[in-house]
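Student: Please read through the structure below; I'll follow up with questions.
Nothing in this text is a laboratory measurement; each read-out follows from the coordinates by a stated rule. Everything numeric here is computed off the predicted structure, so don't read it as measured data. For neighbour counting, all protein chains shown are included, and Cβ atoms are generated from backbone atoms with ideal geometry for every residue, glycine included.
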Amino acid sequence: MRAVRIVCPTCKKVLEDVPPDFPPRPFCSPRCKLSDLDNWLSERYVTSQPLPPAGFDEDEHLH
Ligand SMILES: [Zn+2]
């Protein structure tokens, strides 16, 4: 198996001579892998949030 060079998408660290079966690829470590996943999930969570109901003004008009 040939070693490869990877650049961690999370911390931009360059790793030389990484074995092809390096578990956290393309990240430099399991921590960076989890960090990237956390970022992705939190961004997705935020963008999928419904807008808060703008009901205060309408309530005032009704009364
Ligand atoms: Zn990293």
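Student: Could you grab me the full set of residues in the range 26-49 that are surrounded by fewer than 10 Cβ atoms within 10 Å (Cβ to Cβ) and of a type in the set (Phe, Trp, Tyr)?
Tutor: Across the range 26-49, the qualifying residue is only 45.
Student: Turning to a different aspect of this structure: Among the residues of the range 1-23, count how many are touching a helix residue (DSSP H, G or I) at 6+ places or on another chain (Cβ under 9 Å) and either of a type in the set (Gly, Ala, Ser) or more than 8 Å from the ligand (Cβ to nearest atom) (or both).
Tutor: Kept after step one, since they are touching a helix residue (DSSP H, G or I) at 6+ places or on another chain (Cβ under 9 Å), are these residues of the range 1-23: 8-11, 13, 23.
From what's left, either of a type in the set (Gly, Ala, Ser) or more than 8 Å from the ligand (Cβ to nearest atom) (or both): 23.
Going through the range 1-23 one residue at a time, the tally reaches 1.
Student: Which one is surrounded by the fewest Cβ atoms within 10 Å (Cβ to Cβ) among residues in the range 1-25 that are assigned to a loop (DSSP other than H, G, I, E, B) and among the aliphatic types (A, V, I, L, M)?
Tutor: The extreme case among them is 1.
Student: Right, next: How about the range 26-47: which of its residues are outside any loop (DSSP other than H, G, I, E, B) and not charged (D, E, K, R)? Full working, then the answer.
Tutor: If we filter the range 26-47 for residues that are outside any loop (DSSP other than H, G, I, E, B), which is where we start, we get 30-47.
If the condition is that a residue be outside any loop (DSSP other than H, G, I, E, B) and not charged (D, E, K, R), then 30, 32, 34, 35, 37, 39, 40, 41, 42, 45, 46, 47 are the ones that fit.
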